[in-house]
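The values are calculated or read from the model by the stated rules, or taken from the named source; none is laboratory data. Quantities reported herein were computed from a predicted structural model and do not represent experimental measurements. Quick reminder, even Gly has a Cβ in these numbers, built from the backbone with ideal geometry, and neighbours come from all protein chains shown. With ligands, DNA and RNA removed, areas are computed over all heavy atoms of the protein, side chains included. Shrake-Rupley method; radii C 1.70, N 1.55, O 1.52, S 1.80 Å.
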There are 2 protein chains.
Amino acid sequence: MKSSDFLISTVKEAPNDAQIISHQLMIRAGLISKLASGLYSYLPIGLKIIHKVEKIIREEMNKSKALELLMPVAQPAELWQESKRWEEYGPELLRFKDRHERDFCMGPTHEEVITNIAKQYLRSYKQLPINFYQIQTKFRDEIRPRFGVMRSREFIMKDAYSFHIDEKSLGETYQVMHQTYCNIFDRLGLDYRPVLADSGAIGGDSSHEFHVLAESGEDAICFSDGSSYAANIERAETLPLGKPHAPQQELEIAHTPGVKTIDDVCNLLKISPQKTIKTLIVDGTNDNLIALVLRGDHELNEVKAAKLEGVKNPLQMAEEGKVLKQLGCSFGSIGVVNLDIPIFVDYAAAHLSDFVCGANRDDDHYIGVNWGRDSKKIIASDLRNVVPGDPSPDGNGKIEIKRGVEVGHIFQLGTKYSDSMKANVIGEDGKAVNMNMGCYGIGVTRIIAASIEQNNDDRGIIFPQAIAPFELIIVPINYNKSSRVKELADQLYMDCVDQNIDVLIDDRKERPGIMFADSELLGIPHRLVISDTHADNGKIEYKSRVHPDKVEIDFNEAVSFIINKLD
Amino acid sequence: MKSSDFLISTVKEAPNDAQIISHQLMIRAGLISKLASGLYSYLPIGLKIIHKVEKIIREEMNKSKALELLMPVAQPAELWQESKRWEEYGPELLRFKDRHERDFCMGPTHEEVITNIAKQYLRSYKQLPINFYQIQTKFRDEIRPRFGVMRSREFIMKDAYSFHIDEKSLGETYQVMHQTYCNIFDRLGLDYRPVLADSGAIGGDSSHEFHVLAESGEDAICFSDGSSYAANIERAETLPLGKPHAPQQELEIAHTPGVKTIDDVCNLLKISPQKTIKTLIVDGTNDNLIALVLRGDHELNEVKAAKLEGVKNPLQMAEEGKVLKQLGCSFGSIGVVNLDIPIFVDYAAAHLSDFVCGANRDDDHYIGVNWGRDSKKIIASDLRNVVPGDPSPDGNGKIEIKRGVEVGHIFQLGTKYSDSMKANVIGEDGKAVNMNMGCYGIGVTRIIAASIEQNNDDRGIIFPQAIAPFELIIVPINYNKSSRVKELADQLYMDCVDQNIDVLIDDRKERPGIMFADSELLGIPHRLVISDTHADNGKIEYKSRVHPDKVEIDFNEAVSFIINKLD
């Protein structure tokens, strides 16, 4: 490609709303153009990258024997009513009416549509397993679209849905998809991790997220330093710590006027948060109150808490008025002594002895509190987010926490949709059986943002070779003035094209500084510079985007040099 | 591809709403699956065809140096308000509100969005001409979606938009696009015609439609039998026929009680419709009435009529009450004698002498009417649809009319959008100039339906080779019982795969009759059948989808035989 036939649409300044580096660089490099909040056009250079990502995904999905199809953006409400999601899904589901006042939505996902197709075209266990995928435009009406294409409203996803006669077959395809995703992200050249994720109703290891590691990532992911264990923060388990030490202190009241927070208690009583507990009150399934107890320095894990028996799911904090009425004190003063509601205590809190907690009345705390002696009916549970240094739940090593950007998610759905939508096949025994389903997503457009979050410097993007807009840029100096430079550059360009190198020659009438800056901003991995001086001694200058040093190489060996670099 | 790894989703019956053959066959062959009125999913075999169409379009568009980008489905109302189309576009524009109650539409076309992009990224005449295209999902809320993907609500289009410093440059790119479209439809293997189309405000030869010829086509297209002239029915011109013969009859009143229609007048007076005229009354731009006069057997061309000076555009028939009040009679009785409003008379009607028309009062007609003598102030114009046998407007040959399906449209927009949206660049003289624009559309999904309308028989689809779902199908008889057949079929299959033939081997446990019927329904151009009998004598059976005869060929020469056929 010649720059003069292309649109190099770099801009100097990123807009104010671009808070993260990938958003800033995608705008500055001219990959995307904002149309409206959360809506972006992909300019030629951005679309070129998307096509490279899509090609890799398509090749690996096809290799796994998944079948590509294409479902509509617009979906009728009726299907979503069958699955109950018309009511359950929040305002992120963009609903609209057509000219005949019929209800539709713009699909944020396609479980209903694919289940409806499976219901029509799959009749017998002999057709199973089967895995359908599409690469398609989705819409999610984010309340606050941000971070460019990282959290946009319209985006491209690869979503796949597999159908199975039983859970065993689902598990097998799930493993194939896990491997396929690894192959895809390997080929994309990303530093990523598959991590265990919350698996909803199915349980077990039936859900994994794939995260691109980047310090700026929205998500916390937890690794063991002694094993391959990895999970997202919602999922990473903590282990029971055994019985607490025997009590050393008597239970006493400490007067703590106006003190509501853990920090204030610690300051006043000169203790560390690790010697305190905090008691949160949530709604139970029978509109009753339930206490969740954590060590003072720990954070509640809402996903874990919502799965506890008798706790309302999704988790809902109790109303303060109701707490005041039933327990006689406000949120900041609740403690576990004489607390007559179900009490779930996190393993770390359950391991404490001689600790401090609220006294169930304002302006007082208990000190020297001990489980068993002072608070009897408790259930020790895994309630909190892991923290660095926690033992790995597989028993090997300690937890480390890194940041990541979620770019893929694989999930065993079981029969959730086939039950509600009555999608069955005839089994080997002649009886109808509702199909098991898996679903597997990759955020195509998000991958580009994530790869930029992971690979950039102060000069711009550093694209992995597989998804760089071009593999090589040729920058001729004085292309429009020196016929010798033009001739050599054109010859080199044609030689590269002949070798199927994805090459851009910058034949614009721009100053060298602008051409260099653009090539670095765009993240093109390899650069060759040709000038009259080089021509004089048969040389050409090579620079890799990732290394600061320039190298002079023989002009005649330039193509093989680049082929070698690309391999 | 093996059938066992694929989804052959043929069905026996087409649904009742499938009125045209392409709709019936696309459902029966399992190319598409209906989701809701005007919304279709593309099953794997249908999507495979779409991808082939898209590849050809993309290659030819890239060859023309157009740049691919991708714009969103959802578009903000503000842009459409700038171009005034938010008000002008009818209910086919699907409007919706997001969660913040802001107005959006689902794009039926992208002039506004691309003009907005051009405005941001094009600054100088040096960047022009430039041509952007996308292959993208569009939505048009048809009042009565029908004919499957031929007139669906969601569909895939290739739309391109070019930007120019002046009309001359626009004209040059327009010619390039005309040739590119011919290249695309040639490669798709379709029998098509580029025809002149109505060019709106720009005039001249600035709009062409590309029609796939098919008897079932919705559109009438007009050819000369003596030249290359071709135009759609809206556009095809008629020529002036010169002065009428001198009057032979006196003007008389004929009593015609209750007679309102041309047929009734002809029956009563024993004359042919060619000796009558009909007078239509439309609204003028000043809320006045205007008469349009046609020969009794001719049809009004509304596009032509709407362009007449003083006539409201789009054309609007006058209200009968207003006509009654001002002219003193109802629609069926209007005539040209003593009619004191502007009168446009079609060339053919203007050529009549001694004709019959209404008497401007009910129950009477005039006979022996002659222009000049009985009706003076008339303007002879081109007002009607051409009919077969009309002289070709280029003066060579006579008009023939065929049916076609519109699959492409190229159009010179001029500065319509750049004026209203202020999209300018700095010209060579340093002054800002609003860019000229062209737009160029191809209905990607519609092409598939059109190609089926053109190529089918009672056994199913006959796909052109370039867009057939597979180039070759191998049908082994007793694949699952005869190890010899299996071995030979597998070997042949692998040899074809090695030669990059797009081959399907039907390894399902189906009866031969079903496999043959499916291969014909799907329109696969070439078929090889291998059985034990064939194996005995080293032969294999070949059948082309377009010829009824089967041929036995040597097994060892099968691959080169097929390669030969494919070339």
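Confirm whether A:K270 is in the same structural domain as A:K307 (by TED's automatic domain parsing), without any contact (Cβ under 8 Å) to a residue 12 or more places away in the chain and over 14 Å from the mean Cα position of the chain (by Cα).
Judged against the criteria, A:K270 is a match.
Any idea how many residues of region A:38-49 are at the interface with chain B (Cβ under 9 Å from one of its Cβ atoms) and either farther than 28 Å from B:E78 by Cα or touching a His at 6+ places or on another chain (Cβ under 7 Å) (or both)?
Residues flagged as at the interface with chain B (Cβ under 9 Å from one of its Cβ atoms) and either farther than 28 Å from B:E78 by Cα or touching a His at 6+ places or on another chain (Cβ under 7 Å) (or both) within region A:38-49 amount to 1.
Limited to region B:75-108, what total is found for residues that are surrounded by fewer than 20 Cβ atoms within 10 Å (Cβ to Cβ), polar (S, T, N, Q) and either facing another protein chain (nearest Cβ under 10 Å) or free of Cβ contacts under 8 Å to residues at least 60 places away in the same chain (or both)?
Qualifying residue count, region B:75-108: 1.
Being within 9 Å of chain B (Cβ to nearest Cβ) and part of a loop (DSSP other than H, G, I, E, B) is the filter; apply it to region A:17-37 and report the residue that is most open to solvent (accessible area, probe 1.4 Å).
A:S37
Conditions tested, residue by residue: (1) open to solvent by 60 Å² or more (accessible area, probe 1.4 Å); (2) of a type outside the set (V, I, T).
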{"position": "A:E302", "(1), (2)": "yes, yes"}
{"position": "A:E309", "(1), (2)": "yes, yes"}
{"position": "A:A318", "(1), (2)": "no, yes"}
{"position": "A:Q326", "(1), (2)": "yes, yes"}
{"position": "A:C329", "(1), (2)": "no, yes"}
{"position": "A:I341", "(1), (2)": "no, no"}
{"position": "A:V345", "(1), (2)": "no, no"}
{"position": "A:A349", "(1), (2)": "no, yes"}
{"position": "A:F355", "(1), (2)": "no, yes"}
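With respect to the numbered conditions (1) within 14 Å of another protein chain (Cβ to nearest Cβ); (2) open to solvent by 10 Å² or more (accessible area, probe 1.4 Å); (3) in a loop (DSSP other than H, G, I, E, B); (4) touching a residue at least 24 places away in the same chain (Cβ under 8 Å), which one is the sole condition not fulfilled by A:R144?
The failed condition is (4).
Return the only residue of B:F210, B:F223 being outside the structural domain of B:V303 (by TED's automatic domain parsing) and under 15 Å from B:G389 (Cα atoms).
Result of the check over B:F210, B:F223: B:F223.
Looking at the structure I just gave you, is A:R99 more than 26 Å from the chain's Cα centre (by Cα), modelled with pLDDT of 95 or more and under 26 Å from B:F155 (Cβ atoms)?
yes
Can B:T261 be described as polar (S, T, N, Q), over 30 Å from B:I447 (Cα atoms) and surrounded by 19 or more Cβ atoms within 10 Å (Cβ to Cβ)?
Considered against the rule, which asks whether it is polar (S, T, N, Q), over 30 Å from B:I447 (Cα atoms) and surrounded by 19 or more Cβ atoms within 10 Å (Cβ to Cβ), B:T261 comes out as no.
For region A:1-16, which positions are open to solvent by 50 Å² or more (accessible area, probe 1.4 Å), part of a loop (DSSP other than H, G, I, E, B), over 14 Å from A:F147 (Cα atoms) and not aliphatic (A, V, I, L, M)?
Scanning region A:1-16 gives A:K12, A:E13.
Looking only at strands (runs of 3 or more DSSP E) that fall completely inside region B:436-533, which ones have 1 or more residues that are open to solvent by 10 Å² or more (accessible area, probe 1.4 Å), at pLDDT 95 or above and out of contact with any Asp or Glu (no Cβ under 6 Å at 6 or more places or on another chain)?
In region B:436-533, B:436-443, B:526-530 are the strands (runs of 3 or more DSSP E) which contain 1 or more residues that are open to solvent by 10 Å² or more (accessible area, probe 1.4 Å), at pLDDT 95 or above and out of contact with any Asp or Glu (no Cβ under 6 Å at 6 or more places or on another chain).
Provide a single number: the residues in region B:372-398 that are open to solvent by less than 30 Å² (accessible area, probe 1.4 Å), at pLDDT 95 or above and either assigned to a strand (DSSP E or B) or basic (K, R) (or both).
2
What do you reckon, is A:L241 part of a loop (DSSP other than H, G, I, E, B), at pLDDT below 95, surrounded by 15 or more Cβ atoms within 10 Å (Cβ to Cβ) and not acidic (D, E)?
Yes: the conditions hold for A:L241.
Looking at this structure, is A:S199 under 25 Å from A:P108 (Cα atoms), among the small types (G, A, S) and crowded, with 22+ Cβ neighbours inside 10 Å?
no
Condition check: touching a Ser or Thr at 6+ places or on another chain (Cβ under 6 Å), of a type outside the set (A, V, I, L, M, F, W, C) and closer than 28 Å to B:Q249 by Cβ. Does B:G296 satisfy that?
yes
Condition first: polar (S, T, N, Q) and in contact with a Phe, Trp or Tyr (Cβ under 8 Å, 6 or more places away or on another chain). Now tell me which residues in region B:443-487 satisfy that.
Residues satisfying the conditions are B:T445, B:S451, B:N455.
Just checking, how many residues over region A:416-435 are of a type in the set (S, T, N, Q) and outside any helix (DSSP H, G or I)?
2
Within region B:38-52, is even one residue in a loop (DSSP other than H, G, I, E, B) and in contact (Cβ under 8 Å) with a residue 40 or more places away in the chain?
yes
Could you please tell me which pairs satisfy a Cβ distance under 7 Å, a separation of 6+ or placement on different chains, a first residue in region B:427-441 that is in the same structural domain as B:Y125 (by TED's automatic domain parsing) and over 16 Å from B:G171 (Cβ atoms), and a second residue that is open to solvent by 10 Å² or more (accessible area, probe 1.4 Å) and aromatic (F, W, Y)?
Close Cβ pairs (under 7 Å, with a partner that is open to solvent by 10 Å² or more (accessible area, probe 1.4 Å) and aromatic (F, W, Y)) amount to B:G427/B:Y125; B:E428/B:Y125.
Can you name the residue in region A:153-185 that is touching a Ser or Thr at 6+ places or on another chain (Cβ under 7 Å) and within 14 Å of chain B (Cβ to nearest Cβ) and, of all such residues, is most open to solvent (accessible area, probe 1.4 Å)?
Of everything passing the filter in region A:153-185, A:V176 is most open to solvent (accessible area, probe 1.4 Å).
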